[in-house]
Amino acid sequence: MTSVPEEGSVIQWKDGQIIVPDRPIIPYIEGDGIGPDIWRASVRVFDAAVAKAFDGARCVVWFEVLAGKKAKQQTGEWLPADTLEAVRQHKVAIKGPLTTPVGGGIRSLNVTLRQVLDLYACVRPVRYIKGTPSPVRRPELMNVVIFRENTEDVYAGIEWARGTVQAKKLIEFLSRELGRRVRDDSGIGIKPISETCSKRLVRVAIKYALDNGRRSVTLVHKGNIMKFTEGAFRDWGYEVAREEFGDQIHTEDDAPDSPGLLIKDRIADSVFQQVLTRTADYDVFATTNLNGDYLSDACAAQVGGLGLAPGANIGDEVGFFEATHGTAPKYAGKDVINPSSLMLSGVMMFRHMGWTPAADVIENAIERTILEKKVTYDLARLMEGATQVKTSEYADAVIANM
Ligand code: NAP
């Protein structure tokens, strides 16, 4: 890890409010694969936007922390404890994608980061940016924010390979104690969904919807089949809505013109067709981990794809911002990939910090650049008359458009 910058101060939380100094220290992880390409482009855009928005009165003091291949090479560890501590201490951080090392029993670094820092809500806004090519006729109808539970479900990493002692023991236990037969050559994964984690996720989704004047929160689940995990998520979601937000919400059981935020639920498979056929009916989603992962990529595809998909992992105090996509290894180091996903994750980060003018500068400049048809390969291949630019040139164009 590089040492903590001497200039700059730490972001803090007091009485439920974030307190951001004029020169906050923000840890960043470059990431693997295309991570360095998109980080190099994005950090220039972040600095230019902050300078423009605050006329030099504020600036970010960037602090590199290590994870992934760079960390392994420099420290011998994939995810050094120092990195986790730096993020915990500085409260706001941003990262590029990380490769999941294959084999050797190493769990996904992203999943580990989310679990260890208890970043329980993965927040993925999906909104159309004017000028972006899309496979659907009315992409502008898509304007959703997905709150995906981040710590449980089949993502919890509780699984054993076929033939291991643990898998055999579990199969025997299920047969002997619970009378359930599972084939001997099965791998076994466990899907825990708790009341605590479901309720805290739905709680932040409802709070977000109320604070931002949204119309509805849809609980997405597969409760018709998995009653005690997915179905329970739905039930606990309604419970938290009624018990904690009773006078501010209504459900589909109430009269359609009832005031307040509508809380509804939909079965996961039907939501995938509904976001295509009745896009405007959906607003904020609260989902279990796996459903949210699928749904956010599917929604992103309607408005330009993964190159434009930002995200954040939020806990009670720590906010960790990252692009939704992975390391796209075949494009690594080629200066071709679309960095908008990370730039828009920076937009989310600045809004989270209350630096709204900087967020607006970036968002408007990206929109102008796309309207000028100066785009990276992913959008250029879908547009007529586009000027295809490199990752670094795209950053230049965004900065010129501020
Ligand atoms: P991926 O890296 O997301 O890439 C899949 C495809 O999505 C790319 O080939 C490209 O499609 C498109 N794409 C991704 N990012 C793009 C961008 N910025 N601009 C334009 N197009 C973009 O998925 P993957 O290949 O399945 O995963 C690779 C590695 O990333 C794995 O090790 C995985 O574990 C890891 N991963 C990390 C994270 C994370 O750090 N949060 C998330 C997901 C996956 P075209 O080839 O069609 O252009």
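The values are calculated or read from the model by the stated rules, or taken from the named source; none is laboratory data. For clarity, every value in this text was computed on a predicted model and none was experimentally measured. Counting neighbours? That spans all protein chains shown, and the Cβs are built from the backbone with ideal geometry, glycine included. SASA here: full protein model, heavy atoms, side chains in, ligands and nucleic acids out. Shrake-Rupley method; radii C 1.70, N 1.55, O 1.52, S 1.80 Å.
Just need the relative contact order of the chain here, percent rounded to a whole number, with Cα pairs under 8 Å and 6+ apart.
Computed over the chain, the figure is 22 percent.
So, with +1 on the Cβ of K and R and -1 on the Cβ of D and E, and no other charges, what is the size of the charge dipole of the range 163-285 about its Cα centre, to the nearest 20 debye?
660
Can you give the accessible area of H250 in Å² (nearest 10), computed on protein heavy atoms with a 1.4 Å probe?
20
Among all helices in the chain defined by DSSP H, which have a length of 15 Å or more along the axis from Cα atoms plus a Kyte-Doolittle mean of at least 0.5?
340-352
Just going by the charge dipole of the chain, with Lys and Arg at +1 and Asp and Glu at -1 on Cβ, which of A48, F147, G33 is farthest out on the positive end?
Toward the positive end, the furthest listed residue is G33.
Please give the Cα centre distance for the range 344-383 versus the range 239-308, rounded to the nearest Å.
About 25 Å separates the Cα centre of the range 344-383 from the one of the range 239-308.
Would you rank T99, T369 by solvent-accessible area, highest first, keeping every protein chain in place and using a 1.4 Å probe?
Descending order: T99, T369.
Placing unit charges on C-beta atoms (Lys and Arg positive, Asp and Glu negative, everything else neutral), compute the dipole magnitude of the range 222-366 about its Cα centre in debye, rounded to 20.
Once rounded to the nearest 20, the dipole reads 720 debye.
Take every DSSP beta bridge whose two residues both sit in the chain, then give the antiparallel share in percent to the nearest 5.
Antiparallel bridges make up about 40 percent of those DSSP assigns within the chain.
On the accessible surface of the chain, probed at 1.4 Å, how many percent belong to carbon and sulfur atoms?
Result for the chain: 50 percent of the exposed heavy-atom area is carbon or sulfur.
Rolling a 1.4 Å sphere over the protein heavy atoms, what is the accessible area per residue of the chain, to the nearest Å²?
Accessible surface, normalised per residue, equals 46 Å².
Taking R0 as 25 Å, what FRET efficiency do you get between V10 and A81 from their Cβ-Cβ distance, rounded to the nearest 0.05?
0.85
Ordering K334, K91 from largest to smallest accessible area (1.4 angstrom probe), what's the sequence?
I get K334, K91, largest accessible area first.
With +1 on each Lys and Arg Cβ and -1 on each Asp and Glu Cβ, how big is the dipole of the chain about its Cα centre, in debye rounded to the nearest 20?
940
When all protein chains stay in place, what accessible area (Å², nearest 10, 1.4 Å probe) is found for L178?
Only protein atoms counted, so the area is about 100 Å².
Given R₀ = 45 Å, what would the calculated FRET efficiency be for R162 paired with K390, taking r from the Cβ atoms and rounding to 0.05?
Once rounded, the FRET efficiency stands at 0.50.
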